Structure formats: structure tokens, C-alpha cells
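Rule-based calculations on the coordinates, nothing more; no lab input. In this text the structure is predicted, and so the values were computed from the model without any measurement. Positions of Cβ are backbone-derived with ideal geometry, glycine not excepted, and every protein chain shown enters the neighbour counts.
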Amino acid sequence: MCQQEQQVNAVPTAVAEIIIGIILGASGFNIVRPTHDLSFLSNLGVILLLFLSGMEINFELLKPRRKQKKEPGQITPFKIALEAFLGVALLSVCLALVLKSLGLFGDTMLATIIFMTIALGVVIATLKEKDILDRPVGQTILLTAVLGEVIPLMLLTVYAAINGGNTKQLWLIILLFGAAIILLWRFKQPYLWFVQVTKSTTQLDVRLAFFLIFALVTVAEKVGVENILGAFLAGIVMKLLEPSQQTADKLTSIGYGFFIPIFFIMTGVNLNLRSLLAHPSSLILLPVLVLFLFLAKLPVAVIYAKKFGARNGFAGGFLTATTITIVLPTLAVARKLRVITSLQSDVFILAAVIVCIMCPILFNAIFQLKPEDRIKEKVVIMGTSALTVPVMHDLNENWYAVRMFTTSSEHYNTYKSRVPDLELLPELTDEQLEQAEVFNGNIFVAALRSDETNLRLGQLAKEKGNFKRIIICQKRADISRVDQLREEGMEVFDLSNVTSSLMRALIESPAVYSVLTDTKNAVYSVVVRNSQYAGLQLLDWDLAADITVSRIRRGHEWLVPHGHTVIESGDEIIFTAKYQTANRVRRVLEEK
């Protein structure tokens, strides 16, 4: 029964909705017929689909990273993804030419665009389900899918301009990108204010999102560009404004909860299988298209196989063959330009549906997870002592990769056998720190003997690194300095304050002290992103029996949890549990 459920869940929602449309439309019971109102809602659906696709792009993966030490077999996701997609683009052109030489489909550029597309939404959903989005193989597949959505969309704009007779106005696309840049610059600061003052009756963040959509869609149409490119750019602008998870969830609910399903269902309604099956030419074209959609992604499988093994390489190739979300808007544009017949469009849609059903199932069946492949949080600890070395050993090795540095040769000789990645830095000059790549990581901890040295290192880490957290140890920190450092985005670990706080906890609340010093159970935090757990009471969680929730942070407020407390998406849960349990809980709750 469980296996059957997994196979059903492996079918993308878009495909299921198209199948429903086929059943309800002319190919099935003929209950639903295209009307002006349904066409209008369907057009809104495709605009929101492209908007949310733009919001799915993870720009953190595209940021240039600081030079790292070369290690054997080191994975560089963007480089691999770029090589794979270039191979896909070249092979797509060849397959389109073969299709033309066979006399099956004559529009080479349109066929090329369709063959190179990748359904980013389907890929993300499958990677999340497999829990590999944060691994090198997952990031590589994701970046390949991003290229397979952005590049075909740009080519579609050029294609529409050529076939629509607007080639002389093609340069006006610069105005569209200029408008997107201006909107991003104009709303960067106001958006932060919107987030603070928005409430259930105003929803300023959602209003801004729809303003961006309609503004850029309007500009796109005015300059003679396809409106879906404007919607896609609106999604990118919204993503760069760094919306909260709650905002993203609300926009996703509006899109996928109502408008986008109408687009997919109407695609199925408009699909005339009876007419398609009555024409022998379409019956010949269908299997060829299915085969070519798979063959177009062969370079992905070959290049991935060199880095991730043959099994996972071919699994990645199958997953990137999914094309449904961009193929449908592409065919809609082609029909509007009258460069493709309804029958040809139906064959392409049916081929995309068949491939989209098969690919996630094949990926889940073939892909084999490698535990050592996980990307861990990189922690840099400056200073070796009786405090930092035990902390390094206590950090969960499944979540953190720790590098330690010391300025003392005595400490280096003492701890080098106990600390796997320990380096000696006799002097803390800027040049030596750069050469040792001290400022390359996710979390930076300055825990040397001198408070001033720790403060200087923290400021250097902020200037030269890209850390999401910087922790500075201070033996005696005055309140004004602590407040100033926090305003600058740094955290202070006050040794004297921590010691007195633990003593007070032991006197006033022995249970709290026991929780903090328990060696079997530890305190963890996790941000709830899994929609299956958001909106439920704590007592209804199937995880409740395995963890003890002590606090909940919602926005800037701390809540005392009760069994009837309703958890919202974006809540940070502070809980105690065993290592193994905490690992599972964090994985489940963080899954989107």
C-alpha cells in the first residue's frame, strides 16, 4: 500500500491536473468546454506559474565563492551544470534537425527550445522528496534545471519576435530588464518596512508581489515581448527582495491553490486525443518525440556519471527530461503566432505528459543516496582550549564540518591528534589569514584568549567573509559593546555571564540545568517549513512523542508552548532530543 502511494505521489501534480482536464474535456466526457472566463483564468494561471518559477531560483548557488583548496574529486555544481546544459543545447539542435529531415516537424528553433527545457518546479519537488536538495548532486541538478528554464525562456522571446515580425523592436527587451532593475532598487528598503507593518487585513507583501507581476507583464506587452517573460522577471525581483517563508507560502497557495490548476486543467480540456489518434502522422510523431525528449538529456547523464557515478548520473538525466511547465507556455505562444497546428501542439503536450509521468518514477527507482555526500555547515573556530575542543567533538558530524586554528605551537602539539582539521597560525596577519582561508565558511567563532583579538577577527570575518553567523567570545564584555556588536550582526558569547547563568539555573531551575548539561539529550532548533506540520497543534504532531519542545520563536516574539499551540510556517522550534531523533526531526520539519 505504501509503495503504491509513493508511485502516485511520484506523478507531478501538473500531470495529474492535465489528465483530469483530458477526462473532463473533449477527449473524455466533454463536461467542460473552453469559455472566455476560463481562458482568462488560464492566462492568469500561466502568468503566476512563471512568476513562482522565477521565485524558485536559488541565487545563493550562483554567487561566486571564495577560492578553496583543491581537493581530489571536489564537486563544483555550477561548472558541471553549465557543461551539462551546453551539451543538452547542442544535442537539442541536432535532434530538431533530425526531426525536420524526417519530415515530421519543420520548425527547428521551436523544437530546439522544447527539447532543451526542464521543468524546474517538478525537479525541485522531486529533490526535496528525496532529501538531496542540500547535497552536491542535488545542487547540480537544480542548477541544470534553472538553466533549462531561464535559457529556453529567453530564446522563446527571440523566437516570438522573429515570427511575430518584431525583430526591429527586439532591442526594447532592454527596457523590460531595466524596469525590473528599477523596481528591485526602488522596493528594496520599502519592502523591509512592509514586512514589519503588514497584518492579516493588509497583506502588503502579497500586494507588492501582484504589483510587480502586473507592472512587468504590462511593460513586456508594451515593448512587444511575451508577457510570460515579464512574469518570470517579476518572480526573480520578488526573490531578490528576500521574502519571508510565510510570504512565499501565501503566494504559492494563491498560485497553486487556484489559478495554476485552471491552466493545467484547461490544457487537458483543449487536448483532443480523438483527433490526434485519427491521424497516422501524429501516431508516428508521438513516440519519436518521447524518445527525443529523453535523448536530449543524454549529455546530462554522461557528465553526471563522471562525477556522481553511473547510477546517479543516469537518474539525474531522467529527472532533467521533465519538461511540462515550460513546454506548455511555449506551445501556447507558438499557437498564438500560428506557427504550429493544434494537432502538432497536442502531440507535443501528450509526449511531455508521458515523459513527465515516467521521469520522477525512474529517478526515484534508480537514484541511490550516498550518506557521505551531504553538504555540511562549515564552522571555523579560532582558538583551541578546554572550551572549544570539546565543543568541536560535540557538534553533530552529520550537520557540521569544523576547521580549527590556533596561534600556539604548544596547543597545536597537544590537540593535533584529537582535532582532525587543526592548523597552526603563528601570526594573525591579514595575509596569513587569507592564505589559510580562515574566512571561508558558514559560521565563524573567535575564541582566542584576547578579547581585542577576537573582536578584530570578528570584524575581519564580517568584511572579508560571507558568514551567516559570527560569534565572538569575550571574557568580560560591557553592555554597550555587546549591543553595538549585535547591531553589526555579530553574536557575543560572554564567558562570565554564561558561567553565572548556569549557576543560577542550577539553583533556581535544576531541570533547566539538567537539560543544558545532559549528555544523552541536547538542545536543538529547527525552522518549520514543512506544510504538513504547519497549521497543526503540537499534540497532533506524530513527532511529539520523540521530542520536548521548550520554546517557540515566532517573528521577534518567544512563545511558551502548550499541547494546543498551533504551529505556523516559519516558527523556530527549540526542542530537546537524542542525536538520532534530532537528525530525523530537523530533516522532516525543514522539508518544504
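Numbers at a glance
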| quantity | calculated |
| --- | --- |
| Mean ellipticity per residue at 222 nm, deg cm²/dmol - from DSSP H runs of n ≥ 4 across the chain, formula -39500 (n - 2.57) | -19000 deg cm²/dmol |
| Label point distance in nm, M154-D483, each placed 7 Å from Cα along Cα→Cβ | 4.9 nm |
| Cα-Cα over 20 Å, subset of K378/K578; K79/K464; K128/K462; K222/K336 | K378/K578; K79/K464; K128/K462 |
| Tensor-based shape of the chain (alpha-carbon gyration tensor, a/c under 1.5 rounded, otherwise prolate or oblate) | prolate |
| Ranked Y524, Y304, Y400, criterion: other C-beta atoms within 10 Å, fewest first | Y400, Y524, Y304 |
| The range 313-365-the range 529-559 distance, computed between alpha-carbon centres (Å) | 39 Å |
| Sorted by Cβ density within 10 Å, fewest first, the residues T108, T429 | T429, T108 |
| Computed lengthening from T13 to I254, 0.36 nm per intervening residue step minus Cα-Cα distance | 85.2 nm |
| Cα shape, the range 523-578, gyration tensor, a/c 1.5 rule | rounded |
| Estimated FRET transfer efficiency (A544, L277; beta-carbon r; R0 41 Å; 0.05) | 0.20 |
| Helix runs (DSSP H) in the chain reaching 18 Å along axis by Cα, Kyte-Doolittle at least 0.5 | 36-55, 77-101, 136-163, 173-197, 204-222, 227-240, 280-295, 324-337, 342-366, 495-508 |
